[in-house]
Amino acid sequence: MLQFTNFRKSYGYHPILQIESLRIEPGIYWIKGVNGSGKSTLLKSIGGFLFFEGEILLNNVSVKKDSVPYRKMVNFADAEPIYPEFLTGWEMIALFAKAKQATPGQELYFIKSMKMESYLSNAVGSYSSGMLKKLSLVLAFLGRPKVILLDEPLITIDTESLDILCRWILKKHEEENTTFLLSSHQPLSEVLLTKARALLVDKQTLTMEK
């Protein structure tokens, strides 16, 4: 369970998000809001990448006080991922698999289903935006995270890959009770819509949409 207490995030003197108290139970969530409302800021705060006032707990573990065990439970895929250009895809996967204590060979299912074998030996700097997006998604699914944060996961990949990603999400959630928070300007697939609850970022706060 994710819990926010007196959460506040500002850039300079400009407040972005304020969440006095909110609990998010395990599930699949679609984070909705207009451009600039703070969706990416929210995900990066949950991921432990941004400083903020207040507290975020995951299963009673604090992102501030217990950052190492907290980060082991949370995986994140950025909207526009950037990785060291000189590393290959295989090297990136090996680094993340070690950091996330992934089961040996866990990555193969994701690589094969996205048909990525042909280019993972190439340097990441040669990848198209679609290749980078697929790599970032594979990395986000490694290990046994309690929460996976996906910032605009539906952009820059083709329709077939979108269907595959939806299957990954449902499988991970059903088999491991992994919570997903997805921000997306595009409508979710019909399958995901039947499973997802909506979180609305509006008026500088986060609420559960009824």
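The values are calculated or read from the model by the stated rules, or taken from the named source; none is laboratory data. All of these numbers come straight from a predicted model, not from anything done at the bench. Neighbour counts run over all protein chains shown; Cβ positions are idealised from the backbone, glycine included.
List of remarks:
- Taking each residue of the stretch 60-77 that is closer than 14 Å to residue 4 by Cα and looking for partners that are aromatic (Phe, Trp, Tyr) and at pLDDT 95 or above with beta-carbon atoms closer than 6 Å, six or more apart or interchain, yields 61/70; 63/70.
- In the condition set (1) modelled with pLDDT under 90; (2) surrounded by 12 or more Cβ atoms within 10 Å (Cβ to Cβ), residue 166 is compliant with all but (1).
- Residue match in the stretch 116-133 (condition: surrounded by 15 or more Cβ atoms within 10 Å (Cβ to Cβ), under 25 Å from residue 59 (Cβ atoms) and in contact with a Phe, Trp or Tyr (Cβ under 9 Å, 6 or more places away or on another chain)): no
- Test for residue 154: is it part of a strand (DSSP E or B) and within 19 Å of residue 79 (Cβ to Cβ): no
- Which numbered condition residue 210 misses (of (1) at pLDDT 95 or above; (2) in a loop (DSSP other than H, G, I, E, B); (3) among the basic types (Lys, Arg)): (1)
- Among the residues making up the stretch 137-148, those that are over 17 Å from residue 186 (Cβ atoms) and either out of contact with any Asp or Glu (no Cβ under 9 Å at 6 or more places or on another chain) or surrounded by 19 or more Cβ atoms within 10 Å (Cβ to Cβ) (or both) are 138, 139, 140, 141, 142, 143, 145, 146, 147, 148.
- The number of residues in the stretch 182-210 being among the β-branched types (Val, Ile, Thr) and within 19 Å of residue 154 (Cα to Cα) comes to 3.
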